Amino acid sequence: MPFPYLTDELKDLEAAGLRRRRRVLESAAGARVVEDGREYLSFCSNDYLGLASHPALVEAVQHAVAQYGVGAGASHLVSGHGALHHELEATLAAFTGQPAALLFSTGYMANLGIVTALVGRDDEIFADRLNHASLNDAALLSRARLTRYPHLDLAALEKRLAASKARRRLVVTDAVFSMDGDIAPVPELLALCERHDALLLLDDAHGFGVLGAGGRGVLEHFGIASERIVYMATLGKAAGVFGAFVAGPTELTDYLVQRARSYIYTTAMPPSLAAALGASLRLIEGEAWRRERLRELAATLKQGLNLRRWRLMPSTTPIQPVIIGSNGEALAVSEALRQRGIWVPAIRPPTVPKGEARLRISLSAAHSSEDVAMLVNALNVLERKKTDYREGRKGFHVFPLRPSR
């Protein structure tokens, strides 16, 4: 074995309850999915509006493939930027109320491209401590000074901004935090940026399509607009497809075309996916009932849960985390739910802080009230049974511990 240290590190991850494993999905994404021949009620998808398998998106892909083929064939700056990409960028700009928009292949690539293009060695980035990994990695790659502030602590952020002597200042934050489900105080953040001459990058991956009366995201939710805001959102969650985009002033998108390496040096997304996203945007705008159903399902979940040891975090979004605490118990509860035909992932460090392992419940407009009631009943029962998690040679096992008092 040429890499013996890898085996040791994998064993350490196993012992700490931190080793990750993939499960192989054998069906389309939806409220019910099939894995290893068994159907599960799924609460682990970011398909918040239930659009990933919508017939209108499927039809749009089929028509586009027939005309434009499967692959784009090249990067956007060579010959891969097609009519469907161009049309989608114009549609996204109009949809978000921004002068221009630029497509990226993924949200991770969008954040890497934006941050590394906008700031460098003489600059400073101010980042919420619970930001997504892509924002953290982007900050490190930019070589700018990285200053992290406690989660949602505006006083701490202002103190750090006031002390900064950097040439350029960039505040970066999730709009909706993916593991907590809370929403960043965007108006207050923007006011700080205006006071201290900083740009504000909003990663609205989990707000786009969900927040706002028309699903236009966190800016519509708060009713704000500013040329200081660099708005990024992903298209593989509520939009149900794939990709990401950045929207803002035309000068911003033109500059990113010149300087964002993760845009310049990668093949453009398949044209058929751009066609599907056009259909998705029409549904997001025209079917407000999907967002209303999400609100109703969240209310059903909150009203039904009767937790004593665990804690449901205060979220108004489709992300409804239940804090379990230990890695072992979080894994045990996730496995016990799977044995009941319910799929909810256990999220552990380093994705979340140590001691805050949790179940990340993701609601979808494709769920029914009965689906949520089934989950609520299972969680109420399982919380009364303290369990541990171990992995044996033949798979996963849940072992009862002392009953909780």
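Here are some notes:
- Where I229 falls short, out of the listed (1) closer than 17 Å to V172 by Cα; (2) within 13 Å of the chain's Cα centre (by Cα): (2)
Residue by residue, here is whether (1) surrounded by fewer than 23 Cβ atoms within 10 Å (Cβ to Cβ); (2) closer than 27 Å to L273 by Cβ; (3) of a type in the set (D, E, K, R); (4) free of Cβ contacts under 8 Å to residues at least 12 places away in the same chain holds:
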residue	(1), (2), (3), (4)
G80	yes, yes, no, no
A90	yes, yes, no, yes
N111	no, yes, no, no
A117	yes, yes, no, no
L130	yes, no, no, no
L140	yes, no, no, yes
V172	no, yes, no, no
A184	no, no, no, no
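- Within the option set L84, L51, L130, L112, being hydrophobic (A, V, I, L, M, F, W, C), touching a Gly at 6+ places or on another chain (Cβ under 6 Å) and either over 18 Å from A260 (Cβ atoms) or not in a strand (DSSP E or B) (or both) holds for one residue only, L51.
- Residues in segment 199-213 that are surrounded by fewer than 24 Cβ atoms within 10 Å (Cβ to Cβ) and assigned to a loop (DSSP other than H, G, I, E, B): G212, A213.
- When R295, R290 are screened for being assigned to a helix (DSSP H, G or I), without any contact (Cβ under 8 Å) to a residue 60 or more places away in the chain and among the basic types (K, R), only R295 passes.
- The set of residues from segment 144-165 being in contact (Cβ under 8 Å) with a residue 12 or more places away in the chain, assigned to a loop (DSSP other than H, G, I, E, B) and surrounded by fewer than 19 Cβ atoms within 10 Å (Cβ to Cβ) comprises P150, H151, S164.
- Candidate set from segment 327-349 (those that are free of Cβ contacts under 8 Å to residues at least 60 places away in the same chain and surrounded by fewer than 20 Cβ atoms within 10 Å (Cβ to Cβ)); member that is nearest to R21 (Cα to Cα): Q339
- Meets criteria (in contact with a Phe, Trp or Tyr (Cβ under 6 Å, 6 or more places away or on another chain), of a type outside the set (S, T, N, Q) and farther than 21 Å from L170 by Cα) for L92: yes
- Some residue of segment 304-314 being part of a helix (DSSP H, G or I) and not assigned by TED's automatic domain parsing to the domain that holds F208: yes
- Taking the conditions (1) touching a residue at least 12 places away in the same chain (Cβ under 8 Å); (2) in contact with a Lys or Arg (Cβ under 7 Å, 6 or more places away or on another chain); (3) hydrophobic (A, V, I, L, M, F, W, C); (4) closer than 24 Å to A205 by Cβ in turn, A378 satisfies each one other than (4).
- Qualifying residue in segment 297-308 (condition: of a type in the set (A, V, I, L, M) and within 20 Å of the chain's Cα centre (by Cα)): yes
Yes/no matrix, rows are residues, columns are (1) basic (K, R); (2) modelled with pLDDT under 95; (3) crowded, with 24+ Cβ neighbours inside 10 Å:
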| site | (1), (2), (3) |
| --- | --- |
| V246 | no, no, yes |
| P249 | no, no, no |
| G278 | no, no, no |
| L281 | no, no, no |
| E287 | no, no, no |
| R293 | yes, no, no |
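- Residues of segment 214-248 classified as farther than 23 Å from R290 by Cα, of a type in the set (G, A, S) and outside any loop (DSSP other than H, G, I, E, B), total: 2
- Every residue from segment 297-326 that is more than 13 Å from G181 (Cβ to Cβ), exposed (fewer than 14 other Cβ atoms within 10 Å of the Cβ) and of a type outside the set (K, R): A299, Q303, N306, L307
- The residue pairs whose first member lies in segment 1-28 and is not assigned by TED's automatic domain parsing to the domain that holds W343, whose second member is part of a helix (DSSP H, G or I), and whose beta carbons are closer than 7 Å, counting only pairs six or more residues apart or on different chains, are M1/T7; A16/N327; G17/N327; G17/G328; G17/L331; L18/N327; R19/L10; R19/L13.
The values are calculated or read from the model by the stated rules, or taken from the named source; none is laboratory data. In this text the structure is predicted, and so the values were computed from the model without any measurement. No Cβ is skipped: glycine too gets one built from the backbone with ideal geometry, and neighbour counts run over all protein chains shown.
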